[in-house]
Amino acid sequence: MHLITLIIYAIFFCGSNVELRRFDKHFRFYVQNVASRFHANWRKSFLEKNPFVRNRFKLTKSRTNYNSSDFVYPMILTVGSCLVHRNLKVAQSRLNSSLLYVDILNMNYNELPSDWASENRATARIACRYVLQGLRRKRLFSQNYIDEISEIIHIQWMKRNGEYASKDLMVPFRNLTEIEKDKDRKAVLIACITFNEHFLYHRFNSTPVHFFGYIIE
Ligand SMILES: *[C@@H]1O[C@H](CO)[C@@H](O)[C@H](O)[C@H]1NC(C)=O
Ligand SMILES: *[C@@H]1O[C@H](CO)[C@@H](O)[C@H](O)[C@H]1NC(C)=O
Ligand SMILES: *[C@@H]1O[C@H](CO)[C@@H](O)[C@H](O)[C@H]1NC(C)=O
C-alpha cells in the first residue's frame, strides 16, 4: 500500500472514531434525559393516584456502597422492620442486613440503583435510537411511525419481562388495549419532545422532530 493511501486511511479511521465517540457521548446524554423523564413522570402519576403514600421501598439486588453506620433510624416499613439511612431513601432489613430496600418514589433517576434504572434505560435507548433513525431517513413522525417504534418497544419489553409479565400483555402490539398502547406511544413522544427541548438536533446534526398529523395532549 502506498504511504499516502495509508495516511488517508489513518485520517479517515481516526476521524470516524472521534465522530463515533462524540455520537456515543451525545447518545448517552439523550438516553439519560429520556429515562430520567420516564421516572419523573412515573413519580408524578403515582402521587396523583396515591396522594397519601409517602414512600415506596423496593428490594434492590444491585451492588450499593452505603456505609452501614449511616443506617440510623429504626422504622417499620411496608417491607418489614428496618434501619433507615440518614438520607431516608435506603433501608436495611433488621433481620437480614444484606436485604437493602430503596425508596423509588423519593429517588430521582440518578439515585436509583442499576436494577431499578434498567427498565427505563432499556426503553429510552430504543425510543432514542428510532427517533434518530427516523430523522436520518427523513421519516414523517406520523401516528404510523410513532406506532412502529411503539411496537418495537413492546416487543423488546416482552423479551425482557416475559417471565413475569401478565398474559394479556404478552400479545402483539396491535392486540394491546389502547391504554397499554398509549404507554409505549408516550415513551416515544417523550423521546421526541426531549430531543427538541434539549436542542439535540444541533448535536446530532439533524432537524428537530416535526410531528405530522399527531396531536400531543
Ligand atoms: C462510615 O461512617 C462513619 C461515621 O459516619 C465514619 O466514621 C466511617 O469512616 C465511614 N466509613 C466509610 C468506609 O466510609
Ligand atoms: C439474607 O438475605 C440474603 C439475600 O436474599 C440470603 O441469601 C441470605 O440467605 C439471608 N440470610 C439469612 C440469615 O436469612
Ligand atoms: C390478535 O388479534 C388478531 C385480530 O386482530 C387475532 O386474529 C389474533 O388471534 C390475536 N392474537 C392474540 C395473541 O391475541
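No lab work stands behind these numbers, since they all come straight from the coordinates. The model shown is predicted, which means the values in this text are computed figures rather than measured ones. So basically every Cβ, Gly included, is an ideal-geometry build from the backbone, and we count neighbours across all protein chains shown.
Quick check on the stretch 57-107: what are the equivalent-ellipsoid semi-axes from the Cα gyration tensor, as sqrt(5λ), descending, whole Å?
Semi-axes from the Cα gyration tensor: 13, 12, 11 Å.
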Residue-by-residue Karplus 3J(HN,Hα) for the stretch 135-148, coefficients 6.51, -1.76, 1.60, Hz, glycine and proline x: 5, 5, 8, 6, 6, 7, 7, 9, 3, 4, 5, 4, 5, 4
Rank the residues Lys167, Lys183 as a footprinting-exposure proxy: fewest other Cβ atoms within 10 Å of their Cβ go first. Lys167, Lys183
Toy charge model, Lys and Arg Cβ at +1, Asp and Glu Cβ at -1: the chain dipole around Cα centroid in debye, rounded to 20, equals 320
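Among 145-151, 187-193, how do they line up by average Cβ neighbours within 10 Å per residue, starting with the highest?
Ranking the peptides 145-151, 187-193 by packing returns 187-193, 145-151.
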Report, in deg cm²/dmol and to the nearest 500, the calculated mean residue ellipticity at 222 nm for the chain, where each DSSP H run with n ≥ 4 adds -39500 (n - 2.57) and the sum is divided by the residue count. -18000 deg cm²/dmol
Which distance in nm do the two modelled labels at Lys138 and Ser98 give, with both placed 7 Å along the Cα-to-Cβ direction? 5.9
Volume per residue of the C-alpha convex hull in the stretch 42-154, rounded to whole Å³: 129
Within straight-line cross-link reach of Lys61, lysines at Cα separation under 18 Å, skipping those fewer than 8 residues along the same chain: Lys89
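What number, in percent, do you get for the relative contact order of the stretch 142-216 if the mean sequence gap of Cα pairs under 8 Å and at least 6 apart is divided by its residue count?
Once divided by the residue count of the stretch 142-216, the mean separation gives 39 percent.
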Cα centroid separation, the stretch 62-121 to the stretch 150-217 (Å): 30
Testing the spin-label approximation: label points 7 Å from Cα along Cα→Cβ at Arg203 and Ile155. State their distance in nm. 2.7
Largest-first ellipsoid semi-axes for the chain, taking √(5λ) over the Cα gyration tensor eigenvalues, angstrom: 38, 26, 16
Ranked by how many other beta carbons lie within 10 Å on average, peptides 60-73, 194-207 from highest: 194-207, 60-73
